[in-house]
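Inspection log for the structure reproduced underneath, given as structure tokens.
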Amino acid sequence: MTAGASRLKQLIAVAKEGSSDKRRDLLREITDVFMTTPDRFTSSEMQHFDVIMSRVTEQVETSLRRELAEKLADIPNAPLGLVRQLARDEISVAEPVLKRSEALTEEDLLSIVRQRGQEHMRAITKRREVPEKLTAELVARGDEEVLVSLAENRGARMSDDSMEKLVGHARSMKSLQKPMTDRFDLPPKLLTKMYFFVSAALKKEILKRSDMLDPALIDEAVNANRKEILKTAVRDAQSEVSAAHQFVKEKAAANQINESLLKELMEMKRSTEFLLAFSHVVGIDTSTAQAILKDKTWESLAIASRAANLERATFAKIVFGLQRDSAEQNKALRILDLYLKIPQEAAERVMRFWRVRSQSAAANSDDGPVVKRRPKLHEIGQRAAG
């Protein structure tokens, strides 16, 4: 008979007794034996060990359960029933195994996320690796602390859907903005979305990331945006839009989409044609273009126009064609004074992220590009200088 089997028989005998002191002492002793040679137990011994240990553990104080959890957390073949029991215990006991135990399966962890509280979820976010399915469940159920901890974990694998949801949360959860900005697996289209609502310091970090974008990716995005713009609508309900698409398509074929056309369309108040032509000139999708044109600070328009190297006169024509009242006119005049002071290179860096967008995401998003907080013109100049 092995030493493990002998100890196991003793444990079974003690489990039937009422002495808490004996249970405590033997639980510690058996744990130590197991920790010394965890691979020497037969499968039958392990099964009995698991059942009895789990029963005894239920009847000891919290501090000993915590001690046991700490010891078993780093043993990959720890008794699974016991580890599962500890993982569902109060958080002071469960935390070590939730953070570190490889004995717990993904299904075990998903079950805990669904049945336990935020503290248990927070511990799970600290694991060395968090699979996509588990990440999705944490994103769906977690509070702000859980989401921040998850975003900070580089071992957390995230689907596009989970990324999208976390970026959506980051709009109202400022504590989530930096961890998400720091993730190098965050797609450019989501960095683009974040650029519109994060702090000036994080905007600067995002712009640094723009330098890492593959130029071919930028060109591909611009070409894809322009191809989308030139598609002809086919439904009768879209006759006006279809005609506008056809008009811009013909102008593009004749290489006549230029500043003169933009000014002409603005003067004639042909808004749909202007939107499509402006999108084509700047190289962005129409959803982003609409958001830029609706930004009544005119700063987004100034950045896009400067990046496209439009003349100040063209920019002025567009601004005054869009402004509606005297308050907007005063803003427009201030922007005109600053327009030429925007470094073109800095404007182009911003545009890289506005251009690299998923066409379907841009078309289907309920919120689209957020325009609550655009980069101030003097900030862009300062970034370029820095």
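The values are calculated or read from the model by the stated rules, or taken from the named source; none is laboratory data. Being a predicted model, the structure only gives us computed values, none of them experimental. All Cβ positions, glycine included, derive from the backbone under ideal geometry; neighbour counts span all protein chains shown.
Scanning for something buried (at least 21 other Cβ atoms within 10 Å of the Cβ) and over 9 Å from the mean Cα position of the chain (by Cα), does the range 178-185 turn up at least one residue? Checking the range 178-185: not a single residue is buried (at least 21 other Cβ atoms within 10 Å of the Cβ) and over 9 Å from the mean Cα position of the chain (by Cα). In the range 305-323, the condition of being farther than 18 Å from Ala277 by Cβ, surrounded by fewer than 23 Cβ atoms within 10 Å (Cβ to Cβ) and modelled with pLDDT of 80 or more is met by at least one residue. Looking only at the range 284-304, how many residues end up being surrounded by fewer than 23 Cβ atoms within 10 Å (Cβ to Cβ) and on the phi > 0 side of the Ramachandran plot? Residues that pass the stated criteria total 0.
Return yes or no: is Glu106 more than 24 Å from Ser175 (Cα to Cα) and out of contact with any helix residue (DSSP H, G or I) (no Cβ under 9 Å at 6 or more places or on another chain)? Spell out how you get there, then give the answer.
Values: more than 24 Å from Ser175 (Cα to Cα): yes; out of contact with any helix residue (DSSP H, G or I) (no Cβ under 9 Å at 6 or more places or on another chain): no.
It is false that Glu106 is more than 24 Å from Ser175 (Cα to Cα) and out of contact with any helix residue (DSSP H, G or I) (no Cβ under 9 Å at 6 or more places or on another chain).
Is it fair to say Arg355 is crowded, with 20+ Cβ neighbours inside 10 Å, charged (D, E, K, R) and modelled with pLDDT under 75?
On the way: crowded, with 20+ Cβ neighbours inside 10 Å: yes; charged (D, E, K, R): yes; modelled with pLDDT under 75: yes.
Judged against the criteria, Arg355 is a match.
If you filter the range 35-60 down to residues that are modelled with pLDDT under 70 and surrounded by 15 or more Cβ atoms within 10 Å (Cβ to Cβ), you find that the one that is nearest to Leu72 (Cα to Cα) is Pro38.
Residue check: is Ala87 buried (at least 17 other Cβ atoms within 10 Å of the Cβ), of a type outside the set (Val, Ile, Thr) and within 26 Å of Gln47 (Cα to Cα)? When the stated conditions are applied, Ala87 passes them. The criterion of at least 3 residues that are over 41 Å from the mean Cα position of the chain (by Cα) and farther than 15 Å from Asp108 by Cβ is met by the following helices (runs of 4 or more DSSP H) wholly inside the range 37-89: 43-57. Within the range 245-294, the set of residues being within 16 Å of Ala308 (Cα to Cα), in contact (Cβ under 8 Å) with a residue 40 or more places away in the chain, in a helix (DSSP H, G or I) and touching a Lys or Arg at 6+ places or on another chain (Cβ under 7 Å) comprises Lys263, His280, Thr288.
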